[in-house]
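> Okay, handing you the structure first.
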Amino acid sequence: MVNSIGINYGQIADNLPSPENVVPLVKSIGVTKVKLYDADPRVLGAFANSGVEFMIGLGNGDLEKMRDPNNAQDWVKQNVQAHLPDTKITCIFVGNEVLTFNDTNLSDNLVPAMQSVHTALVNLGLDKQVTVTTAHSLGILQTSFPPSAGAFREDLVDILSQTLSFHQKTGSPFLINAYPFFAYKGNPKQVSLDFVLFQPNQGVIDPTTNLHYDNMLYAQIDAVYSALASLGYKKLPVHISETGWPTKGDEDEAGATPDNAKKYNGNLIKLMSQNAGTPLRPDSDLNIYVFALFNENMKPGPTSERNYGLFKPDGTPAYALGVANNNTASGSIGNGVTMPFSPTSSSTGYLSISSATGRHKFVGHALMVASLLLIKTLV
């Protein structure tokens with residue numbers, strides 16, 4: 001198995017370098033997969049013949065238009081076919097966290113839009129090289145702990161069943177955005193910081209499977225696997241389309257510091273380099289996209305939203321990841337500098353696990369999901 005780490009390339013800013021200058025920056029950190037929130041022709045053109053794989057996006061505002069097969073085919077011709085094969089576009093995600101906006105118009109348009117885009121790819125002979133999917137927040141889960149009890153929200157089962165059937169028929173992955181940061185931010189006194197930062201800790205035991213979890217992200221991933229299995233989709237691949245940690249936040253955003261961001265992303269990369277899966281799926285590849293390439297100064301919301309970047313707009317690192325390229329997973333992130341980690345163990349036997357809130361890209365939407373469970377382990 002080969003684990004891979006990609007990067008989310010957001011552009012909600014007025015001070016970012018040109019796409020041409022981003023290409024060498026991406027290559028310098030060893031990234032071979034990039035997720036773009038649109039189909040910006042400047043970016044796709046700049047990365048031509050770079051070997052970097054692209055996942056491109058269709059925004060939530062485009063779903064209704066994409067229901068029309070003619071519109072979908074025009075979009076695919078202009079934004080996908082026109083860049084192939086020079087730019088390696090391998091996936092289109094149609095909509096972002098649509099189901100947790102609780103907007104029936106958006107939800108009703110999701111599967112038809114996905115189907116129209118896929119049909120366009122088939123008509124153009126591109127469906128074997130480009131898949132179609134959509135990204136979800138962890139807010140689609142009703143239950144997240146123990147991971148073996150993972151279950152989707154009852155009110156979303158019908159629409160999710162339609163999307164899962166689509167994934168199975170077309171061979172596309174199930175995308176989830178997962179942020180342990182939100183679990184810690186929501187209850188810093190009860191959630192173990194070591195547990196969310198992949199630092200040494202006692203961990204938690206799933207009482208049903210007896211599997212041991214020493215970090216929250218993998219527990220969240222396995223909760224998604226369990227939820228999928230409960231609907232009959234045991235073999236569907238799960239990719240983490242977003243995860244990350246901010247370097248700065250508001251007063252009520254506990255844990256948003258450069259040191260914690262360095263630990264989260266650095267430890268994640270080191271863990272991925274072991275080419276092992278999660279406790280529930282030890283033999284399944286992990287495909288994880290870190291959020292984000294740059295700090296984005298025009299993003300709405302709390303301060304953290306503008307400070308997830310691995311890089312500042314001038315191309316200098318927001319912090320040193322402490323992982324060298326040649327020691328990391330395929331397509332993973334490093335900065336060429338190896339720095340020792342000196343983690344400290346958790347001083348308490350009480351650890352918490354929670355599904356995180358979904359990060360939303362639009363003003364006025366916040367999602368509070370799942371309950372926080374307090375676990376005592378004797379590991």
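The values are calculated or read from the model by the stated rules, or taken from the named source; none is laboratory data. Everything numeric here is computed off the predicted structure, so don't read it as measured data. Glycine gets a Cβ as well: all are built from the backbone with ideal geometry, and neighbour counts include every protein chain shown. Ligands, DNA and RNA are stripped out before the accessible areas are found, and what is left, the full protein with its side chains, is counted by its heavy atoms. Shrake-Rupley method; radii C 1.70, N 1.55, O 1.52, S 1.80 Å.
> Residues of the stretch 27-46 being out of contact with any helix residue (DSSP H, G or I) (no Cβ under 8 Å at 6 or more places or on another chain) and either farther than 26 Å from HIS239 by Cα or at pLDDT below 95 (or both), which ones?
Across the stretch 27-46, the qualifying residues are LYS27, SER28, VAL31, THR32.
> Of the residues that make up the stretch 247-255, is at least one in contact (Cβ under 8 Å) with a residue 60 or more places away in the chain, open to solvent by 10 Å² or more (accessible area, probe 1.4 Å), assigned to a loop (DSSP other than H, G, I, E, B) and among the polar types (S, T, N, Q)?
yes
> Follow-up question, since we're still on this one. With respect to the numbered conditions (1) closer than 24 Å to GLY6 by Cβ; (2) in a loop (DSSP other than H, G, I, E, B); (3) of a type in the set (A, V, I, L, M, F, W, C), which one is the sole condition not fulfilled by ALA219?
All conditions pass for ALA219, except number (2).
> Does the stretch 215-223 contain at least one residue that is surrounded by fewer than 22 Cβ atoms within 10 Å (Cβ to Cβ), at pLDDT 95 or above and small (Gly, Ala, Ser)?
No, because not a single residue in the stretch 215-223 is surrounded by fewer than 22 Cβ atoms within 10 Å (Cβ to Cβ), at pLDDT 95 or above and small (Gly, Ala, Ser).
> Run THR131 past the list (1) hydroxyl-bearing (Ser, Thr, Tyr); (2) open to solvent by less than 10 Å² (accessible area, probe 1.4 Å); (3) touching a Gly at 6+ places or on another chain (Cβ under 8 Å) and report the number of the one that doesn't hold.
(2)
> Go through the stretch 142-159 and give me each residue that's over 21 Å from HIS212 (Cβ atoms) and either part of a strand (DSSP E or B) or aromatic (Phe, Trp, Tyr) (or both).
GLN142, ALA151, PHE152
> From the set of residues in the stretch 84-105 that are assigned to a helix (DSSP H, G or I) and open to solvent by 30 Å² or more (accessible area, probe 1.4 Å), which is nearest to GLY57 (Cα to Cα)?
This residue is ASN105.
> Examine the stretch 236-246 for a residue that is among the charged types (D, E, K, R) and open to solvent by 40 Å² or more (accessible area, probe 1.4 Å), and state whether such a residue exists.
no
> Output the qualifying pairs, or none if there are none: Cβ atoms under 6 angstrom, residues six or more apart or on different chains, first residue in the stretch 216-234 and of a type outside the set (Gly, Ala, Ser), second residue open to solvent by 10 Å² or more (accessible area, probe 1.4 Å) and not in a helix (DSSP H, G or I).
The qualifying pairs are ASP222/LEU280; TYR225/LEU280; TYR225/ARG281; LEU228/LEU236.
> What is the one condition in (1) open to solvent by 40 Å² or more (accessible area, probe 1.4 Å); (2) hydrophobic (A, V, I, L, M, F, W, C); (3) closer than 30 Å to VAL204 by Cα that VAL122 does not satisfy?
All conditions pass for VAL122, except number (3).
> While we're looking at this one, here's another question. For the stretch 164-190, what are the residues that are surrounded by fewer than 21 Cβ atoms within 10 Å (Cβ to Cβ), part of a helix (DSSP H, G or I) and in contact (Cβ under 8 Å) with a residue 12 or more places away in the chain?
LEU164, PHE166, GLN168, THR170, GLY186
> Suppose we keep only residues that are assigned to a strand (DSSP E or B) and out of contact with any Leu (no Cβ under 9 Å at 6 or more places or on another chain) within the stretch 7-40. Which one would you say is farthest from GLY301 (Cα to Cα)?
So, considering only residues that are assigned to a strand (DSSP E or B) and out of contact with any Leu (no Cβ under 9 Å at 6 or more places or on another chain), the one farthest from GLY301 (Cα to Cα) is LYS33.
> Inspect the stretch 320-338 for any residue being modelled with pLDDT of 90 or more, open to solvent by 10 Å² or more (accessible area, probe 1.4 Å) and not in a loop (DSSP other than H, G, I, E, B) and give the result as yes or no.
no
> Still on this structure: Of everything in the stretch 199-214, what is in contact (Cβ under 8 Å) with a residue 12 or more places away in the chain and surrounded by fewer than 24 Cβ atoms within 10 Å (Cβ to Cβ)? Give them in sequence order.
GLN199, PRO200, GLN202, GLY203, ILE205, ASP206, PRO207, THR208, THR209, LEU211, HIS212, ASP214
> Restricting attention to the stretch 282-295, report how many residues are charged (D, E, K, R) and more than 17 Å from the chain's Cα centre (by Cα).
Going through the stretch 282-295 one residue at a time, the tally reaches 1.
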